[in-house]
Amino acid sequence: MCFPNLDPSKHMKSLRLVSAAIAAVCMISVAAYAADPTGTWKFTQQGRGGEQEITFKLALKDGSLTGTVTQPGRQGGAPTDIAISDASFKDDTVAFSTVQEYNGNKRVTKYTGKLDGDTIKGTVLAPGRGGAEPMPRDWVATKAKM
């Protein structure tokens, strides 16, 4: 042995402790940077009067996703805030619905999207006009800078 006064078993214990500490720090770092959809998100979609900006305000707390969707008012009216329902966030996927009522008819719109940094890319499934089958449309929301 090169160092006759050193006990190899003591050094192995120290090495294991250092390795465990490094692993713990790495796991904490990953947890600290886990995806979180909390924030204000914006995207545009084609509407009857041209492009419309839609805003999501999402909050993830204790595993529960809540929020609102704000969309332009009809025929130039004031914007409408709609609470989200059936909301979830799992494996970086956001999913929620909105329910609106027009002339006594409920319209349920379903949103799903994959969170990737400051972008959510997904699909919206909204009822068609006059009872037509829902048609999926792609959407890409960007997190608003505050």
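The values are calculated or read from the model by the stated rules, or taken from the named source; none is laboratory data. What you see is a predicted model; the values in this text were computed from it and never measured. When we count neighbours, we look across all protein chains shown, and the Cβ atoms used for this are built from the backbone with ideal geometry, even at glycine. Accessible surface is based on the protein model in full, side chains and every heavy atom, while ligands, DNA and RNA are left aside. Shrake-Rupley method; radii C 1.70, N 1.55, O 1.52, S 1.80 Å.
What pairs come out if I take residues in the range 100-114 that are open to solvent by less than 100 Å² (accessible area, probe 1.4 Å) and assigned to a strand (DSSP E or B) and pair them with residues that are modelled with pLDDT under 90 and aliphatic (A, V, I, L, M) whose C-beta lies under 9 Å away, six or more apart or interchain?
ARG107/ALA126; VAL108/ALA126; THR109/ALA126
Looking at the range 67-85, can you tell me whether even one residue there is modelled with pLDDT under 85, open to solvent by less than 70 Å² (accessible area, probe 1.4 Å), assigned to a strand (DSSP E or B) and farther than 13 Å from GLY113 by Cβ?
First, the residues of the range 67-85 that are modelled with pLDDT under 85: 72-77.
Now narrow it down to the ones that are open to solvent by less than 70 Å² (accessible area, probe 1.4 Å): 72-73, 77.
Pick out the ones that are also assigned to a strand (DSSP E or B) and you get none.
No: zero hits.
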